[in-house]
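Asker: Pasting a structure below so you can have a look.
The values are calculated or read from the model by the stated rules, or taken from the named source; none is laboratory data. Please read these numbers as outputs of a predicted model, since none were measured by experiment. With ideal geometry, Cβ positions are generated from the backbone for all residues, glycine too; neighbour counts draw on all protein chains shown.
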Amino acid sequence: METIITLVIIALLVFWVVAIYNKLVALKNRFQNAFSQIEVQLKRRYDLIPNLVETAKAYLSHERETLEAVIAARNQAVTGLQQAAGDPGNAAAMQELTSAEGVLGAALGRLNVVVEAYPELKANQNMMQVSEELTTTENKVAFARQAYNDQVTAYNTYRQSFPPIVFAGMFGHTTDATLLEFEDSAQIQSAPEVDFS
């Protein structure tokens, strides 16, 4: 009888440890899948940028430096995305992507300022269509990034909690995954200031 009770306790402990392992794997797979959704949207965005530049080229021949800066920033962002896609959640890869996205955002911002000075370019049908697609894609990136960050938070919380933290290292889950926060995160999260004076 005592042997049976011991075997049942051992079996329960084994099932409990297996359940911890399986949940760690499931949560890691979820945040990696969520990053794949970001990757899809960012690739779409990066594919649209050359179209935007080509459309603007005809009107902005003397703004060549701005156009080249956008393409260079886009290429840097593509490289950052490739590194991050190779190891989603890795702090260095996420920082590289965040930095590249910041540079790209600044370059696109400068391009938008230039485009505002050319009403005929703003009214161009191709420019309006590409701009609309970029805006839609930006929204999809924001939603995908939020889903990814939610999954990373769930993984990190579970990995850091007791008892999973006791077993996580043994199962190869030694570090937290890193959230993906673009440099504009603080601006997006702060409320806009309204001045009626």
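Asker: For the range 2-33, which positions are polar (S, T, N, Q) and within 17 Å of Val166 (Cα to Cα)?
Answerer: Answer for the range 2-33, where residues must be polar (S, T, N, Q) and within 17 Å of Val166 (Cα to Cα): just Asn22.
Asker: Any residue at all in the range 119-126 that's surrounded by 15 or more Cβ atoms within 10 Å (Cβ to Cβ) and among the charged types (D, E, K, R)?
Answerer: Within the range 119-126, none of the residues are surrounded by 15 or more Cβ atoms within 10 Å (Cβ to Cβ) and among the charged types (D, E, K, R).
Asker: Further question on the same structure: Looking at the range 26-62 only, could you name the residues that are in a helix (DSSP H, G or I), touching a Leu at 6+ places or on another chain (Cβ under 8 Å) and not β-branched (Val, Ile, Thr)?
Answerer: Matches in the range 26-62: Phe35, Glu39, Leu42, Lys43, Arg45, Tyr46, Leu48, Leu52, Ala56, Lys57.
Asker: Of everything in the range 1-60 that's of a type in the set (S, T, N, Q) and at pLDDT below 90, which residue is surrounded by the most Cβ atoms within 10 Å (Cβ to Cβ)?
Answerer: Among residues in the range 1-60 that are of a type in the set (S, T, N, Q) and at pLDDT below 90, the one surrounded by the most Cβ atoms within 10 Å (Cβ to Cβ) is Thr55.
Asker: What's the number of the condition Gly80 fails, among (1) surrounded by 15 or more Cβ atoms within 10 Å (Cβ to Cβ); (2) in contact (Cβ under 8 Å) with a residue 24 or more places away in the chain?
Answerer: Status for Gly80: all satisfied but (2).
Asker: Only one of Gly89, Gly105, Gly80 is in contact with a helix residue (DSSP H, G or I) (Cβ under 9 Å, 6 or more places away or on another chain) and either of a type in the set (Asp, Glu) or not in a helix (DSSP H, G or I) (or both). Can you tell me which?
Answerer: Step by step, each of Gly89, Gly105, Gly80 is checked, and only Gly89 is in contact with a helix residue (DSSP H, G or I) (Cβ under 9 Å, 6 or more places away or on another chain) and either of a type in the set (Asp, Glu) or not in a helix (DSSP H, G or I) (or both).
Asker: So, of the residues in the range 108-148 that are in a helix (DSSP H, G or I), touching a residue at least 40 places away in the same chain (Cβ under 8 Å) and polar (S, T, N, Q), which turns out to be nearest to Asn33 (Cα to Cα)?
Answerer: By that ranking, first place goes to Thr137.
Asker: Check whether at least one residue in the range 25-43 is among the basic types (Lys, Arg) and without any contact (Cβ under 8 Å) to a residue 12 or more places away in the chain, and report yes or no.
Answerer: No.
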